[in-house]
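Working notes, structure below.
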Amino acid sequence: MDNQQILEIFIGRGMVDKYLSQDITSSMEASGKTMAETLTDFEVITNKDELWAVVASELSAELVDIADFTPAPQLLQLVPAGTARLHGCLPIGYGAEGLHVVLSDPLNPQAVEDLQFALGQTIILAVAPSHLVEEKIDECYGGAEAINGMLEDMAVQTKPDGTEDLNSEVNAAPIIRFVDLVLFQAIKEKASDIHFEPFENDFKIRYRVDGSLFELAPPPAHLSKAIISRVKVMSNMNIAETRIPQDGRIVKQIGDRQVDMRVSSLPTQYGESVVLRVLDRSSVNLDMEAVGLPPAIYEYVNETILKPNGIFVVTGPTGAGKTTTLYAALRKINTIDHKLLTAEDPVEYDIDGIIQVPVNESIGLDFARVLRAFLRQDPDRILVGEIRDKETAQIAIQASLTGHLVLSTLHTNDAPGAVTRLVDMGVEPFLVAASLEGVLAQRLVRTICSSCRSPYDPNEAILTQLGVSPHELGDKEFYTGRGCDVCGGSGYKGRQGLFELLDITEPIGELITDRAPTVVLKQKAIELGMRTLREDGLANIYNGKTTIEEVLKYT
């Protein structure tokens, strides 16, 4: 539902003036809160539910409570799943006067008219909170069935010969509703990324959950341009430009929360491929206790982030949870007596009390330039999103040697590899040894679904790949997930981290200064007690938390 429409209702009723409306809009953009929460914060209404009473009064409609309401099967049959999803409609009653419905967007004047035409019924509109309407539609009609029903509607309503004007197709209700439904379904499944991919003869839509890709029912291939253009419109990209990559951002109300999506388009042989990275703060717990660090590493990180100076690096591939770990560390030290600054590309999560700067290389605002400016801002702790080049690395080391704690990330396979990467960038080894406090390497592996977990005996071949002899195992049990409704048949539900910590002690520092290769550093660290990613993976296999296949895949 359009927040501007809601504000206009409150302005029209004299509850909000022009200046207050600007403050409310700015506050929403900064905080990520819903309109109802923001109006409550500004004391325009006393609680979130009062907003819907105002909307109902404006529409001369009844305000209904559907929190504990489930429509009868006969009532649901009056509105097909595709139509319910297409128009965001839930039937709540039927009588001589017509069909009573609630809509996810009651302020859309066209929706009632479209429903009356589609159903051949007189529609009587009632009002309920939008997030409850969407939840009930999802509960009553399901996700995949609704998408399939909507695809059938779209196949009938659109022309495959390309004769329709692209602009009118992009703004057509079926396309808008279909894209909204795909986003809703993917976010409901806690997807981290959503992929729209055109090929020669088909158009795939996939989303990544717990690191694995799942495919949705594909829409007709001739709708690929309209669907991708709709996503580009939502993310403020130029839909006329299809020859160069573009970046954008979507902030969308999904249920009762705002979800931030980072959007990237890429020209391909058969059209533009678009990927959305979902930044849903409600699904990420930014607390150190929730990161899942082993006790010894948890204590080490807590001590390190309280040090007055030095560099602490988290390494791993894209999507390994590095940023989440560093945000959790920042949250831990985000107190009134610490000045915290971050340089990120882009800013993924807004945290109150921390000054966050988005890097923009197109205007010359790169990590090195931001980091130089930071040193004039009297910070105590600095987060650099990524050390990518020699200049950034040198300024980070300079910052650490002049009394600042610097947190950052690197893309390396293991913890000792981070040292080699910094030296390869051109940083003097003695400076690395003097400034680096520790390196944490991490991976995310899927955890076995607790509802269908069962023991099994792995064959010798897979144990050999793991580097374990069957004779060493003794009575250790291995587990796997059989697949059930809870985990969607995958056998996995959720993810957890595997960790490897390199503490830069004096013996390690001497090896760094002597330009020792990564292998030597790793051997020495293991001698001094470092547990490798593979060893941490083995511990989680023996604990029944993950499978051999997952550990082999990521370590």
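Among the residues that make up the range 538-555, is at least one of them of a type outside the set (Ser, Thr, Tyr), modelled with pLDDT of 90 or more, within 33 Å of the chain's Cα centre (by Cα) and not in a loop (DSSP other than H, G, I, E, B)? Let's see the steps before the verdict.
Step one: filter the range 538-555 for residues of a type outside the set (Ser, Thr, Tyr), giving 538-541, 543-545, 548-553.
Retained after the next criterion (residues that are modelled with pLDDT of 90 or more): none.
No - not one qualifying residue is present in the range 538-555.
Residue-level check: of (1) under 25 Å from the mean Cα position of the chain (by Cα); (2) in a loop (DSSP other than H, G, I, E, B), THR335 misses just (1). With respect to the conditions (1) without any contact (Cβ under 8 Å) to a residue 40 or more places away in the chain; (2) touching a Lys or Arg at 6+ places or on another chain (Cβ under 7 Å), VAL44 lacks only one, and its number is (2). Residues in the range 197-207 that are assigned to a strand (DSSP E or B) and over 14 Å from MET261 (Cα atoms): GLU197, PRO198, PHE203, LYS204, ILE205, ARG206.
Can ILE382 be described as within 28 Å of ARG446 (Cα to Cα), open to solvent by less than 50 Å² (accessible area, probe 1.4 Å) and touching a Phe, Trp or Tyr at 6+ places or on another chain (Cβ under 8 Å)? Show your work before the answer.
Details: within 28 Å of ARG446 (Cα to Cα): no; open to solvent by less than 50 Å² (accessible area, probe 1.4 Å): yes; touching a Phe, Trp or Tyr at 6+ places or on another chain (Cβ under 8 Å): yes.
For ILE382, the condition - within 28 Å of ARG446 (Cα to Cα), open to solvent by less than 50 Å² (accessible area, probe 1.4 Å) and touching a Phe, Trp or Tyr at 6+ places or on another chain (Cβ under 8 Å) - is not met.
Please tell me if GLY417 is farther than 24 Å from PRO308 by Cα, among the small types (Gly, Ala, Ser) and within 31 Å of the chain's Cα centre (by Cα).
Details: farther than 24 Å from PRO308 by Cα: yes; among the small types (Gly, Ala, Ser): yes; within 31 Å of the chain's Cα centre (by Cα): yes.
Judged against the criteria, GLY417 is a match.
If we scan the range 220-242, do we find a residue that is of a type in the set (A, V, I, L, M), open to solvent by 20 Å² or more (accessible area, probe 1.4 Å), over 29 Å from SER362 (Cβ atoms) and in a loop (DSSP other than H, G, I, E, B)? No, the range 220-242 contains no residue that is of a type in the set (A, V, I, L, M), open to solvent by 20 Å² or more (accessible area, probe 1.4 Å), over 29 Å from SER362 (Cβ atoms) and in a loop (DSSP other than H, G, I, E, B).
Consider ALA96 carefully, then state whether it is aliphatic (A, V, I, L, M) and free of Cβ contacts under 8 Å to residues at least 12 places away in the same chain. Against the criterion (aliphatic (A, V, I, L, M) and free of Cβ contacts under 8 Å to residues at least 12 places away in the same chain), ALA96 qualifies.
In the range 84-126, which residues are among the acidic types (Asp, Glu) and closer than 23 Å to LEU51 by Cβ? First the steps, then the outcome.
First pass over the range 84-126, keeping only residues among the acidic types (Asp, Glu): 97, 105, 113-114.
Across the range 84-126, the qualifying residue is only ASP105.
Yes or no: the range 52-71 includes at least one residue that is part of a helix (DSSP H, G or I), small (Gly, Ala, Ser) and open to solvent by less than 40 Å² (accessible area, probe 1.4 Å). Break it down stepwise before answering.
Narrowing the range 52-71 to residues part of a helix (DSSP H, G or I): 52-58.
Pick out the ones that are also small (Gly, Ala, Ser) and you get 53, 56-57.
If we keep only those that are open to solvent by less than 40 Å² (accessible area, probe 1.4 Å) as well, we get 56.
For the range 52-71, residues part of a helix (DSSP H, G or I), small (Gly, Ala, Ser) and open to solvent by less than 40 Å² (accessible area, probe 1.4 Å): present.
With respect to (1) touching a strand residue (DSSP E or B) at 6+ places or on another chain (Cβ under 6 Å); (2) modelled with pLDDT of 80 or more, the lone exception for ARG230 is condition (1).
In contact with a helix residue (DSSP H, G or I) (Cβ under 9 Å, 6 or more places away or on another chain) and either buried (at least 20 other Cβ atoms within 10 Å of the Cβ) or farther than 22 Å from GLN377 by Cα (or both), is that true of LEU405? Yes; evaluated as a whole, the condition is true for this residue. Among the conditions (1) outside any helix (DSSP H, G or I); (2) touching a helix residue (DSSP H, G or I) at 6+ places or on another chain (Cβ under 7 Å), the only one that GLY93 does not satisfy is (2).
Counting only residues that are small (Gly, Ala, Ser) and either open to solvent by 40 Å² or more (accessible area, probe 1.4 Å) or in a loop (DSSP other than H, G, I, E, B) (or both), which one in the range 96-142 is modelled with the highest pLDDT?
Residues of the range 96-142 small (Gly, Ala, Ser): 96, 98, 104, 111, 118, 120, 126, 128, 130, 142.
Pick out the ones that are also either open to solvent by 40 Å² or more (accessible area, probe 1.4 Å) or in a loop (DSSP other than H, G, I, E, B) (or both) and you get 96, 104, 118, 120, 128, 142.
On the way: ALA96: 84, SER104: 85, ALA118: 76, GLY120: 83, ALA128: 91, GLY142: 66.
Only one residue fits best here, namely ALA128.
Of all residues in the range 302-326, those being open to solvent by less than 10 Å² (accessible area, probe 1.4 Å), out of contact with any Phe, Trp or Tyr (no Cβ under 6 Å at 6 or more places or on another chain) and assigned to a helix (DSSP H, G or I) number 2.
Within the group LYS339, LYS322, LYS332, LYS390, which residue is in contact with a strand residue (DSSP E or B) (Cβ under 7 Å, 6 or more places away or on another chain) and among the basic types (Lys, Arg)? So that I can check it myself, show each step before the final result.
Working: LYS339 fails: in contact with a strand residue (DSSP E or B) (Cβ under 7 Å, 6 or more places away or on another chain); LYS332 fails: in contact with a strand residue (DSSP E or B) (Cβ under 7 Å, 6 or more places away or on another chain); LYS390 fails: in contact with a strand residue (DSSP E or B) (Cβ under 7 Å, 6 or more places away or on another chain).
On inspection, the qualifying residue turns out to be LYS322.
Residues in the range 1-39 that are open to solvent by 40 Å² or more (accessible area, probe 1.4 Å), closer than 22 Å to ASP260 by Cα and of a type in the set (Val, Ile, Thr): THR25 only.
Which of the following residues is more than 27 Å from the chain's Cα centre (by Cα) and of a type in the set (D, E, K, R): GLU437, GLU386?
On the way: GLU386 fails: more than 27 Å from the chain's Cα centre (by Cα).
None of the others qualify; the one that does is GLU437.
Out of everything in the range 489-518 that is free of Cβ contacts under 8 Å to residues at least 40 places away in the same chain and open to solvent by 30 Å² or more (accessible area, probe 1.4 Å), what residue ends up being farthest from ILE311 (Cα to Cα)? Ranking the candidates gives GLY489 first.
Evaluation of THR513 against the conditions (1) under 30 Å from LYS476 (Cα atoms); (2) in contact with a Pro (Cβ under 6 Å, 6 or more places away or on another chain); (3) not aliphatic (A, V, I, L, M) shows that the sole unmet condition is (1).
For the range 185-207, the set of residues classified as over 20 Å from ARG85 (Cα atoms) and free of Cβ contacts under 8 Å to residues at least 24 places away in the same chain consists of ASN201, ASP202, LYS204, listed by residue number.
Yes or no: VAL347 among the aliphatic types (A, V, I, L, M), assigned to a loop (DSSP other than H, G, I, E, B) and more than 27 Å from ILE504 (Cβ to Cβ)? Yes, satisfied.
Scan the range 247-269 for residues that are at pLDDT 90 or above and either open to solvent by 30 Å² or more (accessible area, probe 1.4 Å) or among the charged types (D, E, K, R) (or both) and the total you get is 5.
Screening the range 76-90 for residues that are under 28 Å from the mean Cα position of the chain (by Cα) and not in a loop (DSSP other than H, G, I, E, B) and picking the one that is surrounded by the most Cβ atoms within 10 Å (Cβ to Cβ) gives ARG85.
The values are calculated or read from the model by the stated rules, or taken from the named source; none is laboratory data. These numbers were taken from a predicted model, which means no experiment stands behind them. Reconstructed Cβ throughout: ideal geometry from the backbone, glycine too, with neighbour counts over all protein chains shown. Please note that ligands, DNA and RNA were not included when accessible areas were found on the heavy atoms of the full protein model with its side chains. Shrake-Rupley method; radii C 1.70, N 1.55, O 1.52, S 1.80 Å.
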